[in-house]
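Coordinate-derived values only; no laboratory data. Everything numeric here is computed off the predicted structure, so don't read it as measured data. Virtual Cβ from ideal backbone geometry, glycine too; neighbours counted across all protein chains shown.
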Amino acid sequence: MGKDEPARARHVAIIMDGNGRWAKKRHLPRALGHQRGVEAVRRVVRGARELGLEALTLYAFSTENWRRPEEEVSDLMSLMKRFIVSDLDEFAEAGVRLKIIGDYRAFKSDVVELVEKAMARTAGNTGTTLAVALNYGSQDEIARAAAKAAAKGPVTPETISAELDTADLPPLDLLIRTSGEVRLSNFLLWQAAYAEMLFTDVLWPDFTAGHLKDALETFVSRERRYGGR
């Protein structure tokens, strides 16, 4: 990157919203909306890799999602398992490293085993890191990080940051939310302190690598002051 060239985004996070509304608009079962959402994940992960992102963090299952109907939660778990099984070879060959943030061990043992095997298989990869937020809530993450920091010594922004689930990822540059909602929903609250925000009306199943590229171009065009003039 040249001296006068604007900084490119290294780490992008996405709140993948709108699967249910996508299905409702088409008079289709909600489960089909989630299936199409998984297809969008595939497109965007490939796009992130091709665009040279160091890290892509996706909000897949929040701590609040347990409140959804049991059948929907079960469908989401089945989709996640199928996604890992079907796409793991591609991730491994493409150098993608899979990382999980949040308390994924709260899921059933078969999900935990599958996730841990996938992380182990891709642990040595040096390409794009795909961080998937599972059973994740940012307030819980910050509380856990602060407690760990306090157990080691003085609590400062730096010591808390070092204990976050994302401590080994680049700082968050850009946070995207699809479907027209304009809130963070307990996602990466600490990490988003100086991140750029982009809210789009595009429903997640319709989101493409082209939309991601456009978002990165918007990011480059913004002047980031970090509180200065």
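Please compute P(r) over all alpha-carbon pairs of the chain, binned at 5 Å starting from zero, and give each bin as a whole-number percent.
For the chain, the binned pair fractions read 1, 6, 13, 18, 20, 18, 12, 7, 3, 1, 0, 0 percent.
Please check: in the Gaussian network model of the chain (C-alpha springs, under 10 Å), which one of Thr218, Thr156, Thr129 has the largest mean-square fluctuation.
Greatest mean-square fluctuation among the candidates belongs to Thr156.
Could you tally the net charge around Arg21, taking each other residue with its Cβ under 11 Å from the Cβ of Arg21, Lys/Arg +1 and Asp/Glu -1?
0
Could you identify which residue out of Thr166, Thr200, Thr126 has the top mean-square fluctuation in a GNM of the chain using Cα springs shorter than 10 Å?
Looking only at Thr166, Thr200, Thr126, the biggest GNM fluctuation is shown by Thr126.
So, R0 is 22 Å and r is the distance between the beta-carbons of Glu223 and Arg8; what FRET efficiency does that work out to, to 0.05?
Calculated value: 0.90.
With θ set to phi - 60° and the Karplus curve 6.51 cos²θ - 1.76 cosθ + 1.60, what are the ³J(HN,Hα) couplings of segment 184-196 in order, to the nearest whole Hz, using x for Gly and Pro?
Whole-Hz 3J(HN,Hα) from phi for segment 184-196: 9, 6, 6, 10, 6, 4, 5, 5, 8, 3, 10, 6, 6.
Which lysines does Lys117 reach when only Cα atoms under 27 Å apart count, and residues fewer than 8 places away in its own chain are ignored?
Cross-link targets: Lys81, Lys99, Lys108, Lys148.
Treat every Asp and Glu Cβ in segment 1-136 as -1 and every Lys and Arg Cβ as +1, leave all other atoms uncharged, and give the resulting dipole magnitude about the Cα centre to the nearest 20 debye.
It comes to approximately 360 debye.
Based on DSSP H runs of at least 4 residues, each adding -39500 (n - 2.57), what is the mean residue ellipticity at 222 nm of the chain after dividing by all its residues, to the nearest 500 deg cm²/dmol?
-14000 deg cm²/dmol
Most exposed first by the Cβ proxy, i.e. fewest other Cβ within 10 Å, how do Trp66, Trp22 rank?
Trp66, Trp22
Quick check: pseudo-label points 7 Å beyond the Cα along Cα→Cβ at Ser185 and Ser161, how many nm apart are they?
2.7 nm
Tell me, how many Å apart are the Cα centres for segment 160-222 and for segment 35-107?
The distance from the Cα centre of segment 160-222 to that of segment 35-107 comes to 16 Å.
Please work out how much length the chain gains when fully extended from Glu72 to Arg42, using 0.36 nm per residue of separation minus the C-alpha to C-alpha distance, in nm with one decimal.
8.7 nm
In which sequence would Glu223, Glu141, Glu70 go, from the one with the fewest C-beta neighbours within 10 Å to the one with the most?
Ranked by crowding around the Cβ, least crowded first: Glu223, Glu70, Glu141.
If we count other beta carbons within 10 Å of each Cβ, what is the order of Arg97, Arg222, fewest first?
With the sparsest Cβ surroundings first, the list reads Arg222, Arg97.
For a quick check, take a GNM of the chain with Cα springs below 10 Å and name the residue from Asp201, Asp17, Asp173 with the largest mean-square fluctuation.
Asp201
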